[in-house]
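No value in this document is a laboratory result; all are computed from the given coordinates. Source: prediction; values computed, not measured. Cβ sites come from the backbone with ideal geometry, for glycine too, and all protein chains shown count toward neighbours.
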């Protein structure tokens with residue numbers, strides 16, 4: 001296998017597995033982060049797309065699926081395997097990606113065409129990199145036709161003696177681990193790609209369990225995003241969220257919460273629903289994201305993928321993702337009306353990095369106000385508006401505007417769908433027998449280094465930390 005992304009970083013997941021004359025691509029994600037990071041997306045994919053026999057997508061997050069249509073544009077002809085829920089989500093995710101890429105390209109062109117005269121930017125302001133869209137709506141349409149939805153546990157054979165099945169990863173709705181079986185009979189061996197593993201602290205999805213029985217797992221390829229961190233306890237998260245909302249409500253503030261629309265948004269809605277049922281919410285909640293709405297409804301359509309108790313509630317018409325104070329914002333006009341919101345309210349909108357989506361115009365109209373509060377609930381890369389706010393910037397560039405920060409900026413964790421260090425250690429510890437080798441990917445080097453030492457100390461496994469382009473044989 002060769003790692004072409006998410007090797008020493010947390011985006012751009014992409015690995016090629018070769019066996020029995022077949023080449024299978026596991027994920028084809030977008031690289032996110034600083035402008036320099038994102039510029040790498042403009043490079044051709046580092047393998048011949050025409051030589052890839054199949055693609056397997058672990059889940060619908062853009063850092064795992066955002067370059068699928070680019071692979072199609074460069075000659076891949078299918079099939080693309082994913083779970084049923086992931087296949088549902090891939091269409092809006094990829095079309096949304098095209099839209100965001102077009103908007104950001106146009107904004108960069110306008111920015112760079114300005115002169116120092118009139119309404120211009122300052123002479124000292126650096127140009128913005130104008131990155132053309134990677135693919136078109138037509139490429140997305142072609143990609144969607146290649147999707148092959150699978151049930152958890154359903155086996156696909158790529159070649160005689162080379163098979164695959166997907167197992168629940170508990171990260172977001174439809175997320176999957178990928179189990180590859182190589183060889184037959186007594187000679188059969190397995191490789192397990194964890195994909196992104198779910199956190200034991202989140203309530204909506206089952207905790208991922210390693211496969212039991214069968215041929216031994218020779219190699220575990222495991223994510224390590226939070227390999228050096230521990231998530232806070234759910235009750236602590238709920239109490240801190242309640243405290244922030246209580247202070248915002250007392251001052252009749254507008255509370256803006258930028259969020260990723262698949263997974264994190266649903267974890268946030270679940271916690272807000274808990275506060276509502278405990279009588280501790282006391283503010284209207286406006287969900288201003290078409291993708292978050294579609295993702296939330298996907299959770300309710302796939303009740304069988306949820307924790308059993310949660311699934312039963314959904315089937316009985318009592319979804320914990322819906323509560324009395326929640327309002328869906330349908331359309332741009334209704335979104336703009338929220339700019340005149342007075343008397344307090346919570347606005348949840350994408351994107352989590354604040355570099356696009358409806359959150360941008362909410363911040364433009366709210367960040368300069370003293371009666372506004374911004375709650376940052378996730379990771380933000382250097383160079384993003386979210387990172388600037390998190391680090392105390394007094395001016396933040398949002399799209400084509402530079403906005404003064406007078407709002408109160410709050411930060412908290414506890415909404416991630418990723419496994420933390422203990423979850424990852426427990427996952428390896430639950431594998432019987434323990435795999436002799438573990439490859440840590442999808443993690444920055446600090447996280448991989450700490451987790452690597454703990455895995456070796458606890459279980460005696462050999463741990464590999466490949467860099468981009470590195471080839472691992474098994």
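Nearest 5 percent is fine: what portion of the DSSP beta bridges confined to region 234-411 is antiparallel?
Working: 4 of 23 bridges.
Here the antiparallel bridges make up roughly 15 percent for region 234-411.
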### Query
Relative contact order, percent, of region 219-358 when contacts are C-alpha pairs under 8 Å separated by at least 6 residues?
37
### Query
Angle, helix 445-459 long axis vs. longest principal axis of the chain, Cα atoms, 0 to 90°, nearest 10?
40
#### Entry: Helix 84-113 vs. the chain, principal-axis angle (Cα, 0 to 90°, nearest 10)
50
### Query
How high is the relative contact order of the chain, in percent, counting Cα pairs under 8 Å that sit 6 or more residues apart?
19
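Using per-residue counts of other Cβ atoms within 10 Å, averaged over each peptide, order 54-60, 316-322 from highest down.
Working: 54-60: 26.7, 316-322: 15.4.
Highest mean packing first, the order is 54-60, 316-322.
Antiparallel as a % of all DSSP beta bridges within the chain, to the nearest 5? Before the final figure, lay out the partial values.
Numbers: 29 of 71 bridges.
Taking every DSSP beta bridge with both residues in the chain, the antiparallel ones total about 40 percent.
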### Summary
Relative contact order as a percentage, region 329-382, C-alpha pairs under 8 Å and 6+ apart, gives 27
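With a ≥ b ≥ c the root eigenvalues of the C-alpha gyration tensor of region 234-411, is it rounded (a/c under 1.5), prolate (a/b larger than b/c) or oblate?
Details: a/c = 1.77, a/b = 1.57, b/c = 1.13.
Because a/c hits 1.5 or more and a/b exceeds b/c, region 234-411 counts as prolate.
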### Task
Only helical DSSP H runs with n ≥ 4 go in: add -39500 (n - 2.57) per run for the chain, normalise by residue count and round the 222 nm mean residue ellipticity to 500 deg cm²/dmol.
-9500 deg cm²/dmol
### Query
What whole number of Å gives the distance from the Cα centroid of region 430-472 to the Cα centroid of region 355-425?
32
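What's the exposure ranking of 253, 218, 179, going from fewest to most Cβ atoms within 10 Å? Working shown, then result.
Values: 253 23, 218 14, 179 20.
Final ranking by Cβ density, sparse to dense: 218, 179, 253.
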### Summary
Tilt, helix 264-277 to longest principal axis of the chain (alpha-carbon atoms), in degrees rounded to tens, equals 60
### Query
Given C-alpha coordinates of region 139-198, what is the ratio Rg to Rh with the Kirkwood estimate of Rh?
1.05
### Task
Just report the Cα centroid separation between region 238-274 and region 1-62, whole Å.
34
### Query
Put a dot 7 Å past each Cα toward the Cβ at residue 50 and residue 151; how far apart are the dots in nm?
3.9
### Message
For the chain, report the % of Cα-Cα distances exceeding 27 Å.
### Response
55
